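These notes are about the structure you will find just below.
The values are calculated or read from the model by the stated rules, or taken from the named source; none is laboratory data. All of these numbers come straight from a predicted model, not from anything done at the bench. Glycine also receives a Cβ, built like all others from the backbone with ideal geometry; neighbour counts cover every protein chain displayed.
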Amino acid sequence: MSPDREELSPRRREILAAATTVLAQQGNRGLTHRAVDREAGLPEGSSSAYFRTREALIGALGDFVAARLAVDVQALGSRLASCPGDHERAVSEVSRLFSRWLDQPDLLAARLELSVAATRDPSLAERFALWRADLVGMVRDVLARSGKDEGASAETLVAALDGVLLASLLLPARRRRAFVGESVEQLLAGLGTGADPA
């Protein structure tokens with residue numbers, strides 16, 4: 001875990017927030033120091049003074065995005081821990097988290113761009129491993145409390161939820177929230193305590 005994740009200066013945070021927007025809107029190829037400076041409204045050369053190479057910028061951005069996701073996932077875990085076995089509450093809490101992420105489309109799109117880049121960059125992949133492992137672990141706990149403790153089910157469900165988020169970004173903004181809510185309900189409905197066959 002990068003030390004910058006815990007101790008970002010206001011200027012570094014400003015630069016990485018701008019980089020998130022650039023990556024989301026222009027893709028991986030559009031992520032340059034110059035584009036980040038323009039997005040942040042800073043003089044040219046500002047971002048390269050903090051992140052000297054493009055690799056350093058992408059690595060720091062991976063930490064920045066992963067840390068923001070980790071905070072949300074940890075908060076979800078705390079809420080789910082307060083309602084063990086309550087399937088309806090679990091559906092509601094996951095839907096609420098996804099709705100919050102829908103309000104931050106640049107964060108979602110940047111995460112997807114970084115996830116694709118991580119398939120070619122092991123060090124970037126590591127930055128996403130922790131929060132994803134936390135999310136899978138929480139889903140596994142929810143399944144176990146519902147009498148379904150297969151680890152593969154948790155991995156599959158998290159992958160399916162990722163797919164829902166990606167699909168939502170391809171829809172008009174006005175349709176995203178309803179789509180996500182309905183999809184989360186459908187994915188989790190068969191995993192509730194009442195879903196076991198007779």
**Q.** Condition met for ARG12 (among the basic types (Lys, Arg) and closer than 30 Å to SER95 by Cα)
**A.** no
Q.
Checking SER82 against (1) polar (S, T, N, Q); (2) closer than 22 Å to GLU155 by Cβ; (3) loosely packed, with under 14 Cβ neighbours inside 10 Å: exactly one of these is not met. Which one?
A. (2)
Q: Tell me which residues, restricted to segment 144-165, are surrounded by fewer than 13 Cβ atoms within 10 Å (Cβ to Cβ) and modelled with pLDDT of 85 or more.
A: ALA159, GLY163
Q | Odd one out for VAL65 among (1) out of contact with any Phe, Trp or Tyr (no Cβ under 9 Å at 6 or more places or on another chain); (2) part of a helix (DSSP H, G or I) | A | (1)
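Taking the conditions exactly as written (basic (Lys, Arg) and within 18 Å of GLU185 (Cβ to Cβ)), does ARG79 satisfy them or not? I'd like the intermediate steps shown before the answer.
Details: basic (Lys, Arg): yes; within 18 Å of GLU185 (Cβ to Cβ): yes.
The answer is yes for ARG79.
Taking ARG96 as the residue in question, decide whether it is of a type in the set (D, E, K, R), under 19 Å from GLY163 (Cα atoms) and surrounded by fewer than 16 Cβ atoms within 10 Å (Cβ to Cβ). Lay out the reasoning, then the answer.
Values: of a type in the set (D, E, K, R): yes; under 19 Å from GLY163 (Cα atoms): yes; surrounded by fewer than 16 Cβ atoms within 10 Å (Cβ to Cβ): yes.
Considered against the rule, which asks whether it is of a type in the set (D, E, K, R), under 19 Å from GLY163 (Cα atoms) and surrounded by fewer than 16 Cβ atoms within 10 Å (Cβ to Cβ), ARG96 comes out as yes.
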Q) List, please: which pairs have Cβ atoms under 6 Å, are six or more places apart or on different chains, and start with a residue in segment 86-98 that is among the aromatic types (Phe, Trp, Tyr) and end with one that is modelled with pLDDT of 80 or more? A) PHE98/VAL180
